[in-house]
Amino acid sequence: MQEKRENSKEDPVSTIGLSDSGGSAHVMAKRAREVSDYLVAVSRISAATSGLTDLNAILPIVLNTTLSLMDGVVGGIMLLDNETGMLSYCVHHGLSDKYTTEMRLRPGEGVAGQVAQSGRPILLDDISSNPNAARLDLITTEGIKAFVSIPLRARDNVLGVLNVGSHRARHFTTEDLHLLGTIGDQLGIAIEHARLYERLAKARERYRQVARQVLLSQEEERKRVARELHDETSQSLTGLALTLQVLIQSAEAAGVRESEFKATLERAHSLTVQISSDVSRLIANLRPTLLDTLGLFPAIRRYAETNLGPLGVNVYVEAEEATSPPEEVEVGLFRWAQGAIGNIMQHSEARNVTISCKREDDELVLRIRDDGRGFNVSEITGVEETGRGAGLFSMKERMSLLGGHCTAESRPRHGTVVTARVPIFWSTADAKDTRTGSG
């Protein structure tokens, strides 16, 4: 009996021990799940803040992930406007439009304003009874109880706050505070980077607009100079050549036998014809008449044949019928082709060149291929002091100004292919057709 009693005494102890072990395992499993949830949440937020540059995409991901992690029902992200000096909601969940519209705070005002001013988080079990809270009427209407506000910092600057709340009172732990602090720091840096990226994008767009205007002004000036050369200088040279020709014929008719005099007239006539030819070529380079009369591709083809033909280069063309692009695009593509052909003339030692122009999906694609000496594209990283790389850089920049892009493919002794792609954003009605002939 005694042994049975001793066994009966041990049974409760054994039961308690098993119960404790099971409880401990349950707590550990719960703790492991919490840690796993924390890691997953932090990882997701890190991916969003490091991989995205648009605040409209970053903020909702961070807010929703944080609310899910903290079992928060309501919350939002308030950013500080540098111009007005006010905190206002940029993104929110579970809050009414009235609340988010009217809850605008200055640094130091209300709970969120104090966080923005001090850079320190505030955790409240029940904000509706806190005397420092701003707009208690709105808070009461929303039914917000537990509330935590975390500063969003980038270096020493507070850019805003992250607010998380619930409709019931609860106690936030130190671990909650550390986790939210980590999220706040990550988000603060992401906001700063996104704003820098936005400013850079705006500056780049301003640069493009200014550069585009400069290019258009240059083309207008080229057109004006070409017109004056054609209307005045070229015609004057033509008149001079005709006058010299008449003098030569008159001298012959009058029986002038001074050979030196006749030779001088002939040299003057020959020189005048050569100057007139040079001026005509200059006019064509300044503003190809075919660009105005026939269009883009015939002008490129004529330019290539005129400049590459004398060098013994065979020019082949492949073109599809396409809608005429606006003048700005047309001129930009022609200048790009001039740069590519100029590089072939100076560097390639090619024997054959193929020029193609066609539409691929929503892009107009202009491609120039040569079988010349080629080069290592990876070595051209910028414009060198010798000028090497300037042509390719200029070609890429010109396409960028048109909203397109340029690529170059080449290997030593395997030729070069340069491609310009411009999005087709125009229609037949948009394109200004200034053609005056069919050629």
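What follows is calculated from the coordinates using simple rules that are stated; it is not laboratory data. For clarity, every value in this text was computed on a predicted model and none was experimentally measured. Here the Cβ is made from the backbone with ideal geometry for all residues, glycine too, and neighbour counts use every protein chain on show.
What to note about this one:
- Given +1 at the Cβ of Lys and Arg, -1 at the Cβ of Asp and Glu and no other charges, the dipole of the range 25-198 around its Cα centre is 340 debye to the nearest 20.
- Rounded to the nearest 0.05, the FRET efficiency derived from the C-beta distance between Ser280 and Ser356 at R0 = 35 Å is 0.80.
- Burial order of peptide ranges 236-246, 167-177 (average beta-carbon count within 10 Å, highest first): 236-246, 167-177
- Prolate/oblate/rounded call for the range 284-355, Cα gyration tensor, a/c under 1.5 rounded: prolate
- Around Gly160: net Lys/Arg minus Asp/Glu count, Cβ-Cβ under 12 Å: 0
- Surrounding net charge for Gly339, when Lys and Arg each add one and Asp and Glu each subtract one, Cβ distance under 13 Å: +2
- Shape category assigned to the range 25-198 from the gyration tensor of Cα positions, a/c cut at 1.5: oblate
- Neighbour net charge for Thr141 - beta-carbon separation under 10 angstrom, K R +1, D E -1: 0
- Label-to-label distance, nm, for residues given as Glu83 and Ala263 (7 Å Cα→Cβ offset): 8.0
- Spin-label model, His405 to Gln346: label points 7 Å out along the Cα-to-beta-carbon direction sit 2.6 nm apart.
- A Förster distance of 56 Å, applied to the separation of the beta-carbon atoms of Glu232 and Ala201, puts the FRET efficiency at 0.75.
- Simple spin-label estimate for Ser250 and His414 in nanometres, 7 Å along Cα-Cβ: 6.7
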